[in-house]
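The values are calculated or read from the model by the stated rules, or taken from the named source; none is laboratory data. Because the structure is predicted, anything quoted here is derived from the model rather than measured. Ideal geometry is used to build each Cβ from the backbone, glycine not excepted, and the neighbour counts take in all protein chains shown. The protein model used for the area step is the full one, side chains on, heavy atoms only, and it has no ligands, DNA or RNA in it. Shrake-Rupley method; radii C 1.70, N 1.55, O 1.52, S 1.80 Å.
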Amino acid sequence: MIDRLAALVPPSLAAFGCRIAATPSRPEARPLSILASKAAFDGVVDGFGRALGEGGSGGAGQGFETADRRALVSLWTQYYLPALIIPYFTALSRLGRALPIGFDRVGFELDEAGIVSRFIVAEADSRDAEPEPGLDPLIEGHLRPFFDLCHGHYGLSRRVLWCNAGVTADFALRELSIGTAAMVPVQFRVEACLGRCGADAFGRCPLARAFSVGEERRRRVCCMRYKLPGVPSCGALCPVDHLTKASC
């Protein structure tokens with residue numbers, strides 16, 4: 001299943017189609033479970049911050065050594081989450097199947113920018129029960145334990161993290177639904193869980209409340225990127241930009 005995903009991702013999401021693979025591409029691949037160690041997680045965040053600073057106009061280390069750690073981790077997750085959620089939703093919507101992405105079973109690789117370039121997900125063998133198609137393997141099996149680590153290590157609000165994930169999930173479903181004549185049943189259930197298709201958000205799905213209520217689509221909770229020097233805002237989605245402009 002995993003080797004089929006890249007060909008099934010729509011062109012607008014193609015950059016993320018190969019972010020999940022069954023085998024590593026480099027020897028530096030590590031299990032996600034190492035992030036339970038704050039020292040190991042710090043090493044990942046430090047590498048991301050250094051690369052971000054070196055890529056900015058202010059030269060190496062542009063303020064990221066002293067930047068708000070919560071904001072830096074939030075920004076890092078905004079690269080992590082599409083690499084995970086887009087292939088996962090592609091498998092659900094195109095194959096009607098859930099990827100086996102339990103947090104403690106997945107490996108990862110980083111690129112030169114300190115961003116997750118690949119998740120390593122082992123194909124289930126005949127002895128393993130394939131995850132039930134739906135959101136539980138993603139939400140309960142991966143996102144919740146990952147967000148608990150982000151919160152525990154850095155004090156980053158879980159509301160920020162769920163909003164980051166919800167924005168990504170909404171974007172992925174919008175793109176996957178373009179040009180699709182009919183949804184497989186599991187995709188309709190996922191759309192309903194996120195309050196799409198004219199349906200109310202099902203139950204208390206934590207991905208369903210990413211946007212504030214109103215005519216304009218705007219994040220309900222700020223991702224904090226405004227605290228990072230030289231990092232652009234998220235544009236029309238940004239609730240801080242909206243409040244700033246409203247007060248002028």
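General remarks:
- With all protein chains kept in place, the per residue accessible area of the range 2-122 amounts to 41 square angstrom at a probe of 1.4 angstrom.
- Given a 1.4 Å probe and the protein chains as shown, LYS38 ends up with an accessible area of around 90 Å².
- In this structure SER212 has an accessible area near 40 Å², from a 1.4 Å probe over the protein heavy atoms.
- Spin-label proximity, ALA113 to the range 208-229 - amide N less than 19 Å from point 7 Å beyond Cα toward beta carbon: 223-229
- Neighbour net charge for ASP68 - beta-carbon separation under 12 angstrom, K R +1, D E -1: +3
- Other residues within the sphere of radius under 13 Å centred on the Cβ of TYR80, judged by their own Cβ, net out at 0 (K and R +1, D and E -1).
- Rounded FRET efficiency, nearest 0.05, which uses the C-beta distance separating ASP68 from LEU8 and R0 of 30 Å: 0.20
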